[in-house]
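As structure tokens, the structure follows; a few thoughts come after it.
No lab work stands behind these numbers, since they all come straight from the coordinates. Source: prediction; values computed, not measured. Quick reminder, even Gly has a Cβ in these numbers, built from the backbone with ideal geometry, and neighbours come from all protein chains shown.
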Amino acid sequence: MFAPVMIIIPFYILVKQLGIVNTRLALVLSYTTFCLPFCLWLLRAFFESIPLELEEAAMVDGAGRARAVWHVVLPLALPGLIAAAIFTFILAYNDFLFALVLITSEELKTLPVGVNDLFNATIVDWGMIMAAGVMITLPAVLFFAGVQRYLVQGWGAGGVKG
Amino acid sequence: MRQNAVAGWLLLAPSLLLLGGLVVFPVLYNAWISLFDKHAFLPVQRFVGLGHYVYFAHDEEFWNSFGHGLVYAGATLVLQLAVGIPTALLLNEGFRGRTLLRGVVLFPYVIPTIVAVMLWKWLLNDSYGLVNHLLIAAGAVRGPVAWLGKDWIMTSLVITSVWQFFPFVVVTYLARLQTIPPELYEAATVDGAGAWRRFRHVTLPQTRSVLFVIVLLRSIWMFTKFDTVWLMAGDGGVSRYIRTLPVYAYARSFTYLQAGMGAALAVIMFVMLIVATAVYFRVFEREEAMS
């Protein structure tokens, strides 16, 4: 896994050529790129740990492949899916570089970039900065607290964000 | 069987397409750009071959950034291990409030980088910061220390980063600790081993491979860390005292608008990491063979 800064230049140029600078689509594509390799790796480990016999048993009982996957495999892989979701959510929510480079308008700015602008204001209002900090930390912490128990397992299977 | 293979490829197709288009292609394209003198916004470019690489070989700023990166990655790695491993060992013991404490330890890792940085900037603020207040109250220093000034900015950056990332070491190490069979410790205790020897002869050998991964990932990630370093420095004049290669690459590309130079820096970092990783694997394999 490499760092965003090593890919940001070609990414920026490509995004510009595609005409999607300053769009949400550009950010969605960036974060997908960044999380996909790790998620593939993590999920593979989880799917591998589910015995093939379970799936076969479901199919013997008359379930099609799709139903076997939906009702047997996916529920068992749930901790892995949740770990992958947390990883992706936190990375995208926290990201600074892609949002800084790919977004130029006020309306589309993500929270980290917006809060940083408060620092660069003529008068640095610490009270306001701290309030913003609490506001943007809350969703991450709540999301995290809700799924925390799945976590140690997920992280044990590999690394996590940089 | 045949049908399975087709289904497999079909399921893989979206991921492969995305990876090819969004990872493999940009990396190659990046190497290509690095051969051009290319403006970041305007469609102006001129082929310079390996010119950028030759330039950086003599560029003082490049070597400074490289040095800062080594100091930063080295110091934060050592401190993350020094704080993270004892914490993991502690959290692996059974005591009241362990679950709560585990949640608390994870906290720094969950909060957004921007929040971590502004929190520490406030704590380390020279006139109103809590750190200076406590140091002065304790009589450890005579006057306020300029933590964000040029002499201390690297120390402040390291403190902030260690605080932010040591939970990764805790969680990863803890996950492995929990899989060590308790019988091993019981046997060691019966044989009269104290806490230190149990750690040395049971825990360490059992956790060797996870330590290997932790050291590898953390050093790569710290060496290529952009946001914490960049946010810590701000736009002020002190930024050059903590400028690392990722920040230098960003400055070249988006401040001086020399995309070709920025791309060359990315390639250099990429090669450095590959070489360092290869050497690391070699050394570790040799040690494995010896033990």
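Modelled spin labels at B:Ala146 and B:Val213, positioned 7 Å past Cα toward Cβ, are 4.5 nm from each other.
Orientation-averaged projection of the protein assembly as shown equals 28.3 nm² [convex hull of Cα atoms, one quarter of hull surface area].
In a simple Cβ point-charge model (Lys, Arg +1; Asp, Glu -1; nothing else charged), the protein assembly as shown has a dipole of about 140 debye relative to its Cα centre. Working from label points 7 Å from Cα in the Cα-to-Cβ sense, the A:Val60 to B:Trp122 distance is 6.2 nm. The mean number of Cβ atoms from other chains found within 10 Å of a Cβ in peptide A:28-39 is 2, as a whole number. Between the alpha-carbon centers of the range B:1-47 and the range B:163-228, tell me the distance in whole angstrom. So the two Cα centres are separated by 37 Å. Computed log10 I(q)/I(0) for chain B at 0.14 Å⁻¹: -1.19, from the Debye equation with unit scatterers placed on every C-alpha and solvent omitted. When chain B is treated as a GNM with alpha-carbon contacts under 10 Å, the residue of B:Gln80, B:Gln164, B:Gln45 showing the greatest mean-square fluctuation is B:Gln45.
The length gained on full extension between B:Val6 and B:Val27, counted as 0.36 nm times the residue separation minus their Cα-Cα distance, comes to 4.7 nm. Legend: ranking of residues B:Lys150, B:Lys38, A:Lys109 from fewest to most surrounding C-beta atoms inside 10 Å; resulting order B:Lys150, A:Lys109, B:Lys38. The long axis of helix A:78-94 is offset from the longest Cα principal axis of chain A by roughly 10 degrees. Sorted ascending by nearby beta carbons within 10 Å, beginning with the fewest, B:Phe41, B:Phe223 become B:Phe41, B:Phe223.
Apply the a/c threshold of 1.5 to the C-alpha gyration tensor of the range A:4-156 and tell me whether it is rounded, prolate or oblate. Since a/c reaches 1.5 and a/b is larger than b/c, the shape of the range A:4-156 is classed as prolate. With R₀ set to 45 Å, the beta-carbon distance separating A:Glu107 from B:Arg286 gives a calculated FRET efficiency near 0.20. Structure note, pairs A:Lys16/B:Lys38; B:Lys121/B:Lys150; A:Lys16/A:Lys109; B:Lys38/B:Lys150; A:Lys16/B:Lys225; B:Lys38/B:Lys225: Cα-Cα distances above 23 angstrom occur for B:Lys38/B:Lys150; A:Lys16/B:Lys225; B:Lys38/B:Lys225. A Stokes-Einstein calculation at 10 °C with viscosity 1.306 mPa s, built on the Kirkwood radius of the range B:1-64 over Cα pairs, returns a diffusion coefficient of 105 µm²/s.
Ranked by Cβ crowding within 10 angstrom, fewest neighbours first, how are B:Ser65, B:Ser219 ordered? Don't skip to the answer; put the middle values down first.
On the way: B:Ser65 23, B:Ser219 19.
The most exposed by this proxy come first: B:Ser219, B:Ser65.
Each label point was placed 7 Å from the Cα along the Cα-to-Cβ direction; for B:Leu90 and B:Val44 their separation is 5.7 nm. Given their separation in residues at 0.36 nm each and the Cα-Cα distance between them, B:Glu61 and B:Leu100 gain 9.4 nm when the chain is fully extended. Projecting the Cα atoms of A:Ala140, A:Asn116, A:Phe98 onto the charge dipole of the range A:4-156 (Cβ charges, centred on the Cα centre) puts A:Phe98 farthest toward the positive pole. Per-residue mean of foreign Cβ neighbours for B:102-112 is 5 (Cβ atoms of other chains, 10 Å radius). Only Lys, Arg, Asp and Glu carry charge here, each on its Cβ (+1 for the first two, -1 for the last two); on that basis chain B has a dipole of about 280 debye about its Cα centre. Using θ = phi - 60° in the Karplus curve 6.51 cos²θ - 1.76 cosθ + 1.60, the 3J(HN,Hα) couplings for the range B:137-145 round to 4, 7, x, 6, 10, 7, x, x, 8 Hz; x is entered for Gly and Pro. Shielding by partners for peptide A:10-22, expressed as the average number of C-beta atoms from other protein chains within 10 Å of each residue's C-beta, is 3.
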